[in-house]
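Nothing in this text is a laboratory measurement; each read-out follows from the coordinates by a stated rule. None of these values were measured; they are calculated from a predicted model. Please note: Cβ atoms are built from the backbone with ideal geometry, for glycine as well, and neighbour counts cover all protein chains shown.
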């Protein structure tokens, strides 16, 4: 039933709204003055880490343990895949998530291994050791400079080829769900600046009495309130303050929301400038009572709007300069049309995540291989000039040949990948500039620390997707 009454207008709440957003109608922003006087923090969007876990296979190896440790230190969710959980705990501590499995045994690669993963960093490798023996911590093997006559303690075909093939095929269906996304707000986790970034913009700014707010609850953000048509009002909304650093989403196709509503039809609104009352870009979506649902909002379907009136323009949404996000419940759709499901009264919309979708593919399976994998049997190759692994490939069970077969299984999997072929790995502290090459001809060395950090950097490097390269320190 539509309300026709007039109610007292809350002038103080009107002032609170203007104060939060730093705006004076018809005059402009005074946020600069608020910041100058220390009354307002910067409106900065601290984008969360990309959602999901990075699975590190070979997590107790020389490179693998460093990848796990660095991911953990950088606050990136990580899970170590190990064959022996007790040994994994001794090396990696109790704070790191570990899962026990053997990549050579497909039946051990259960859904638990891949739960909520977004990428795999594969640092597995055949155990190679000096014929004369090594220390318990494998110091002779890991030092990577002095030559010790080597032998393999495992079968390279099982580890380098079958194991890698098992891993990428088992991970594939889980990785496919995570492609090409950028998390903007992950309300499943606490946001320290939540209350300083999000505020209410209700019809009180036009003399109405609707009232709403947004707050963090367990696992979500809750937009709730009461919408009233009294005093010719009829909308409630929450909005971010204009971002000091606009968000560039030009590489993406749109926004995806994960919501649980109450059966109402809501609006999602984006802005491409810092004006209080400028052009907004709107998209209406329906909810189902108490059901979680995914809403995809293509940028191409956003409706340019000014005060509920559609603007005819050939200009696309300025996705390179996103300055504000807004959720609204309104009795109006566009151009005087009414919201077909609108009902005055209480409402409730939970929001779990807000992310951009359809972006450039990122590497999701990063494989640490080895320089030299294409050299065994290569015509005209002078073996005396080659590293020991190339010279002794046959004696080592065809280790490089099987590494190359493992690479091929990754490249043929359809999963966005990067194959890294480091030259001789050392225990040096690292911090060196790394040099890349293609064609598998370079020789040299590089620190395991630097390769570990390279793996982490590749997680956000679309330019390296579906590439294979060798690497050494300059």
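Once a ≥ b ≥ c are taken as the square roots of the eigenvalues of the Cα gyration tensor of region 280-339, is the result rounded (a/c under 1.5), prolate (a/b larger than b/c) or oblate (a/b not larger than b/c)?
Since a/c reaches 1.5 but b/c is at least a/b, the shape of region 280-339 is classed as oblate.
Once you have a ≥ b ≥ c as the square roots of the Cα gyration tensor eigenvalues for region 421-474, tell me rounded if a/c is under 1.5, and otherwise prolate or oblate according to whether a/b is larger than b/c.
Oblate is the answer for region 421-474, as a/c is 1.5 or above yet b/c matches or exceeds a/b.
With just the Cα atoms defining each centre, how far is region 53-132 from region 387-454? Give it in Å.
19 Å
What is the mean projected area of the alpha carbon convex hull for region 291-415, to one decimal in square nanometres?
15.6 nm²
Which whole-number percentage describes the relative contact order of the chain, with Cα contacts under 8 Å and a sequence gap of 6 or more?
The normalised contact order for the chain reaches 17 percent.
Quick one: check the C-alpha center-to-center distance for region 265-282 versus region 354-369, whole angstrom.
Result: 29 Å between the Cα centres.
Please say if region 370-474 is rounded, prolate or oblate, where rounded means a/c under 1.5 for a ≥ b ≥ c the square roots of the C-alpha gyration tensor eigenvalues, and otherwise the choice is prolate for a/b larger than b/c and oblate otherwise?
Cα axes put region 370-474 in the oblate bin.
Going by alpha carbons, how many degrees (0 to 90, nearest 10) lie between the helix axis of 399-411 and the longest principal axis of the chain?
The angle comes out near 20 degrees.
What FRET efficiency do you get for residue 290 and residue 211 if R0 is 22 Å and r is their Cβ-Cβ distance, rounded to the nearest 0.05?
For R0 = 22 Å, the calculated efficiency reads 0.45.
Using the beta-carbon distance between residue 457 and residue 94 and R0 = 22 Å, what value does 1/(1 + (r/R0)^6) give for FRET efficiency, to the nearest 0.05?
0.20
Angle, helix 64-73 long axis vs. longest principal axis of the chain, Cα atoms, 0 to 90°, nearest 10?
20 degrees
Helix 164-176 versus the longest principal axis of the chain: what is the Cα-based angle in degrees, 0 to 90, to the nearest 10?
With both axes taken from Cα atoms, the answer is about 0 degrees.
Which percent, to the nearest 5, of DSSP beta bridges fully inside region 193-305 are antiparallel?
95 percent
222 nm [θ] for the chain, helices only, -39500 (n - 2.57) per DSSP H run of 4+, per residue, to 500?
Value at 222 nm, helices only, nearest 500: -5000 deg cm²/dmol.
Could you order peptides 408-420, 455-467 by the average number of other Cβ atoms within 10 Å of their residues, highest first?
Top of the packing list down: 408-420, 455-467.
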